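Coordinate-derived values only; no laboratory data. Computed from a predicted model, the values in this text were never measured in an experiment. With ideal geometry, Cβ positions are generated from the backbone for all residues, glycine too; neighbour counts draw on all protein chains shown.
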Amino acid sequence: MPNLIVLDVHVLNYTKDFTVHHKLIRSDYIFDEVRFPITVDSNVELAKDILHEVLVRLDGEYVTAAMASFGDGFPDFLREAKDKPRVLVSVEPKQIIIKGKFVTPVHSRNELRSDITMEFLRSIGKLDGKIKLA
């Protein structure tokens, strides 16, 4: 694979093997993300809050189930899902990107990603133009 592809395209690691307490374990859960480009005149704080609410509501059961499957020790992606901001904002030349990270079972990753996307789009569609996709 050329370096240009690796360095220029977002690459996610969908491995199901994790280390906990120096022991290799397997899991059916991964950390995935959705990205939305919004215009620079959009209400970024509102977009961030809406995406966070959608993520917590739609992946909450999976975070709980994944934590239970690991017991006392769990990998960093679950610690991050539990304790750190899951919506990140970055600025590009002509747009703002909001990125939301979520926990999902491997086998239903695409369904949950679609559900999160559709729920976010429905939510911002009700806001009379306060948040516009770029």
Flagged links, alpha-carbon separation over 23 Å, of Lys99/Lys130; Lys99/Lys132; Lys94/Lys132; Lys82/Lys132; Lys99/Lys126; Lys48/Lys82: Lys82/Lys132
Pairwise label distance in nanometres, Val44 with Leu127, each label 7 Å out on the Cα-Cβ vector: 1.3
Gain upon complete extension [Glu92, Val106; 0.36 nm per residue less C-alpha separation]: 2.0 nm
Pairwise label distance in nanometres, Arg57 with Met118, each label 7 Å out on the Cα-Cβ vector: 1.4
Packing rank of 109-119, 52-62, where each peptide gets the mean count of other beta carbons within 10 Å, highest leading: 52-62, 109-119
